[in-house]
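Student: First, the structure itself, so that you have it in front of you.
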Amino acid sequence: MNYKLFLIIVVSGVALLSCDTAETINNIIDSKITAKEKLAEVINSARSGFSADAKLAAIFGREISEQGEADISNTNSLSNFIYSVQSDALQTNEFYIPVLGAGPVKSPVNLNDLLGLIKDPVSKNILGVVFSKLAAIAIPDGASYNDSPQVMTAMLNNNAVINFRSNNVNSKIDMFLVPSKSLDSTFASSADWIVNFYTSSNSLTMWLNSGSGEIKNLSEL
């Protein structure tokens, strides 16, 4: 083959593949997401596909890493953040999940599915009350709360969590961001994180109070 013709073919092939390669690399980089990373995209999708007044009601993190991330490229895991959005006009919730390489899509998950993740009966009852309020309560747009990595850093330094994780080395982690008002009516303008550490037989559910920064066992409230 003519050397110049060979070079043209090679260079053309690289040019054609470069976009796909760059996209693949970006998808790999973006596959691990934090709770707040995709929030703006979710709200935009909800306001165009659900209700114009859609607001964030809650965030649910499934099988989150110790770094506070979900890996949405892992097809062997349920790892993802699920966003519950609420409409005052409709008085109902819709659920969205981020998708690798695409915009957020509606999810068939429901609050009962999420409640089933909690093993501790007291914590489950508390969250059941919280979830029942989400059709009418949203997290204010200006609410201040940490992203999931900062929450996990605090949780993993808590003595109760350290002890549970030491005794349950294969435990998984789920996270719930809920309006503070759903837990305590005096905190109307903030949001609180609840983190569930669990195995197939037991769990520890901890509450990070956004007002004080204190971490408490949810079942002891």
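What follows draws every value from the coordinates through simple rules; no lab data is involved. These numbers were taken from a predicted model, which means no experiment stands behind them. Quick reminder, even Gly has a Cβ in these numbers, built from the backbone with ideal geometry, and neighbours come from all protein chains shown.
Student: Ranked by Cβ crowding within 10 angstrom, fewest neighbours first, how are Asp88, Asp147 ordered?
Tutor: Details: Asp88 12, Asp147 16.
Result, fewest neighbours first: Asp88, Asp147.
Student: Separate question: Grab the beta carbon distance between Gln91 and Asp184, set R0 = 22 Å, and tell me the FRET efficiency rounded to 0.05. Each step should come with its number before you reach the end.
Tutor: On the way: r = 22 Å, r/R0 = 1.02.
For Gln91 and Asp184, the calculated efficiency is 0.45.
Student: Spelling out what I want: for every residue of segment 151-164, take phi, set θ = phi - 60°, compute 6.51 cos²θ - 1.76 cosθ + 1.60 (Karplus), and round to whole Hz; glycine and proline get x.
Tutor: Along segment 151-164, the couplings run 5, 5, 4, 5, 5, 6, 9, 7, 4, 5, 5, 4, 5, 5 Hz.
Student: Taking the number of other C-beta atoms within 10 Å as the exposure measure, put Trp193, Trp207 in order starting with the fewest.
Tutor: Values: Trp193 27, Trp207 22.
Exposure proxy ranking, most exposed first: Trp207, Trp193.
Student: Quick check on the exposure proxy: order Leu90, Leu114 from fewest to most C-beta atoms within 10 angstrom. Each step should come with its number before you reach the end.
Tutor: Details: Leu90 13, Leu114 19.
The order, fewest Cβ neighbours first, is Leu90, Leu114.
Student: Further question on the same structure: Among rounded, prolate and oblate, which fits segment 81-221 when a ≥ b ≥ c are the square roots of the eigenvalues of its C-alpha gyration tensor, a/c under 1.5 means rounded, and a/b larger than b/c means prolate? Working shown, then result.
Tutor: Values: a/c = 1.58, a/b = 1.33, b/c = 1.18.
Because a/c hits 1.5 or more and a/b exceeds b/c, segment 81-221 counts as prolate.
Student: On to the next question. Given a Förster radius of 25 Å and the C-beta distance between Glu66 and Glu220 as r, what FRET efficiency does 1/(1 + (r/R0)^6) yield to the nearest 0.05?
Tutor: Numbers: r = 24 Å, r/R0 = 0.95.
With a Förster radius of 25 Å, E is 0.55.
Student: Starting from 0.36 nm per residue, how many nanometres of slack lie between Val169 and Ser48 once their C-alpha separation is accounted for?
Tutor: Details: separation 121, 0.36 × 121 = 43.56 nm, distance 4.29 nm.
Extending this stretch completely gives an extra 39.3 nm.
Student: While we're on this one: Between Asp147 and Asp113, with labels modelled 7 Å along Cα→Cβ, what's the label distance in nm to one decimal, could you check?
Tutor: Distance between label points: 2.6 nm.
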